[in-house]
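Notes for the one structure printed next.
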Amino acid sequence: MKRTIVAMPGDGIGKVVLPEAIRVLSAAGFEAEYVNGDIGWEFWCSEGNPLPQRTIDLLAEHRIGLFGAITSKPKNKAAEELDPSLRENGYVYYSPIVSMRQHFDLDICIRPCRTFPNNPLNFIRKSADGGFEEPVVDTVVFRQNTQGLYAGVEWTNPPRQVREALDTHPRFAAFRDVPGEDLAVSTRIFTREYCRRIVTAAFEYARQFGYRSVTVCEKPNVIRETSGMMEAEAAAVARDFPDIQLWSTNIDAQMMWLTKNPEDYGVIVAGNMFGDIVSDGFAGLVGGLGFACSANIGRDVAVFEPTHGSAPKYETLAPSIVNPIAMVLSACMMLDHIGEKERADRIRSAITAVIDEGAVRSYDMIKLAGGPDVIARGAATTQQITDAIIAKL
């Protein structure tokens, strides 16, 4: 049965890399109908909603989405760019990908960070004998996607009821006399059920793919209640997985250790903010965001996206210079999810071969600053990288 995939290019280079991923999928023999989903900055500016209801309806119907990238700006800047006819009507900008995750309860985010052989951007370190060594990084971050600091429960000038509730905590005494307009509050909310879900998913993945450890990466010595709940649920779940070690690291220490001994870490699980931070840290060891893919998985709907931003300054370059590999790898995660693992593995093998051969490399892989001159200096275009992957297929 031919599947229907909701294709959401979004903003900036999302409009460039998503069509390239679809080209690779088609070359690998994956037959699907792609329906366009509107999302991103232009719809905020023109409609006051960067995630229109029509796109929500498409995802609810078809349940699988491929997403490119979004431009997201602070509240004041967003208000300035809203169509004048919509201003003063109560529209408030929220990140559409965060809204999508919360609307469809896409609470499990998976972010693999794996070394490709012969990638010139791979992490290396000095060895004890004065030479250099290149550890193999194979870390998969499970990020709780819908709660924590990204839940969106926050205020500037919090209402009276909120201030009164906060005032019941003795540590709020230091802020009791701060004027409301000078006080901003963002909450970090964890629930036991969702801590258990993300930890269980991490352990199940570790068992399925042969990882020997799951590391909870939080900050329980300071953020005692929320991080403490994650750690407690991890300890409870770990009893059902005696073959897998449970480790615990603080996020700050983890960011140091990932550049000392990254090969020691298999599956990492964290709340939303810390998961975002540590996954970008590990992505930097395997080539950067041009190689960083992700899955957002809920009970009914799943959306797959690269973790890079929209980089609008590169959108209109002709020819395009951006690296499409993260988007293609995200499409591979989609294939895994819908039972097309053999096809996904073929694509990943083709990417591996192109990187290992080294004849076709994007500007970031040859360590150039992005700009229109990089093609003349030896960088491949976006389309040439896709062509090379397809040729290997």
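The values are calculated or read from the model by the stated rules, or taken from the named source; none is laboratory data. Remember, predicted model here, so these are calculated numbers, not experimental data. Counting neighbours? That spans all protein chains shown, and the Cβs are built from the backbone with ideal geometry, glycine included.
A few comments on the model shown:
- Within segment 135-149, the presence of a residue that is in a loop (DSSP other than H, G, I, E, B), within 21 Å of the chain's Cα centre (by Cα) and more than 23 Å from Ala202 (Cβ to Cβ) is excluded.
- For beta carbons closer than 8 Å, sequence separation of 6+ or different chains, a first residue in segment 69-94 that is over 14 Å from Phe43 (Cβ atoms) and free of Cβ contacts under 8 Å to residues at least 40 places away in the same chain and a second that is among the aliphatic types (A, V, I, L, M) and surrounded by fewer than 16 Cβ atoms within 10 Å (Cβ to Cβ), the qualifying pairs are Lys75/Val92; Arg87/Ala79.
- Counting residues in segment 109-119 that are out of contact with any helix residue (DSSP H, G or I) (no Cβ under 9 Å at 6 or more places or on another chain) and over 29 Å from Glu233 (Cα atoms) gives zero.
- The residues listed here are Lys2, Lys15; of these, the one that is in contact with a Pro (Cβ under 8 Å, 6 or more places away or on another chain), over 18 Å from Tyr94 (Cβ atoms) and surrounded by fewer than 23 Cβ atoms within 10 Å (Cβ to Cβ) is Lys15.
- Test: residue in segment 53-65 that is closer than 23 Å to Phe291 by Cα, out of contact with any helix residue (DSSP H, G or I) (no Cβ under 6 Å at 6 or more places or on another chain), in the same structural domain as Met1 (by TED's automatic domain parsing) and assigned to a strand (DSSP E or B): yes
- Some residue of segment 121-130 being touching a residue at least 40 places away in the same chain (Cβ under 8 Å), surrounded by 12 or more Cβ atoms within 10 Å (Cβ to Cβ) and out of contact with any Pro (no Cβ under 8 Å at 6 or more places or on another chain): yes
- When Asp264 is tested against (1) assigned by TED's automatic domain parsing to the domain that holds Ala69; (2) surrounded by fewer than 24 Cβ atoms within 10 Å (Cβ to Cβ); (3) touching a helix residue (DSSP H, G or I) at 6+ places or on another chain (Cβ under 9 Å), just one condition goes unmet, and that condition is (1).
- Yes/no for Tyr150 being within 30 Å of Leu59 (Cα to Cα), among the hydroxyl-bearing types (Ser, Thr, Tyr), at pLDDT below 95 and out of contact with any helix residue (DSSP H, G or I) (no Cβ under 6 Å at 6 or more places or on another chain): no
Condition check ((1) surrounded by 19 or more Cβ atoms within 10 Å (Cβ to Cβ); (2) assigned to a helix (DSSP H, G or I); (3) at positive phi; (4) not aliphatic (A, V, I, L, M)) across all residues:
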position	(1), (2), (3), (4)
Ala165	no, yes, no, no
Val185	no, no, no, no
Cys195	yes, yes, no, yes
Ala253	no, yes, no, no
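- Filter pass, Lys73 being out of contact with any Phe, Trp or Tyr (no Cβ under 6 Å at 6 or more places or on another chain), in a loop (DSSP other than H, G, I, E, B) and not hydroxyl-bearing (Ser, Thr, Tyr): yes
- For Phe172, the requirement of being modelled with pLDDT of 95 or more, aromatic (Phe, Trp, Tyr) and not in a strand (DSSP E or B) is met.
- Applying a threshold of 8 Å to beta carbon distances and a minimum spacing of six or more residues, or different chains, the list of pairs starting in segment 199-214 at a residue that is under 13 Å from Pro112 (Cβ atoms) and ending at one that is in a helix (DSSP H, G or I) reads Tyr211/Tyr205.
- Qualifying residue in segment 4-14 (condition: of a type in the set (D, E, K, R), within 29 Å of Ile385 (Cα to Cα) and either not assigned by TED's automatic domain parsing to the domain that holds Val328 or not in a helix (DSSP H, G or I) (or both)): yes
One line per residue, one yes/no per condition, for (1) among the charged types (D, E, K, R); (2) buried (at least 22 other Cβ atoms within 10 Å of the Cβ); (3) within 22 Å of the chain's Cα centre (by Cα):
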site	(1), (2), (3)
Thr307	no, no, yes
Ile321	no, yes, yes
Met334	no, yes, yes
Arg343	yes, no, no
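- Residues within segment 269-289 that are at pLDDT 95 or above and assigned to a helix (DSSP H, G or I), tallied: 14
- In the condition set (1) at pLDDT 95 or above; (2) at negative phi, Gly339 is compliant with all but (2).
- Residue ID - surrounded by the fewest Cβ atoms within 10 Å (Cβ to Cβ), chosen from residues in segment 94-106 that are in contact with an Asp or Glu (Cβ under 9 Å, 6 or more places away or on another chain) and part of a loop (DSSP other than H, G, I, E, B): Asp105
- The residue that is farthest from Leu289 (Cα to Cα), among those in segment 17-52 that are β-branched (Val, Ile, Thr) and touching a Leu at 6+ places or on another chain (Cβ under 9 Å), is Val35.
- Selection count, segment 180-198, where residues are free of Cβ contacts under 8 Å to residues at least 60 places away in the same chain, charged (D, E, K, R) and closer than 30 Å to Thr156 by Cα: 4
- Close pairs (7 angstrom Cβ cut-off, 6 or more residues apart or separate chains): within 20 Å of Glu133 (Cα to Cα) in segment 254-270, surrounded by fewer than 15 Cβ atoms within 10 Å (Cβ to Cβ) anywhere: Glu263/Val136; Gly266/Arg212; Gly266/Ser213
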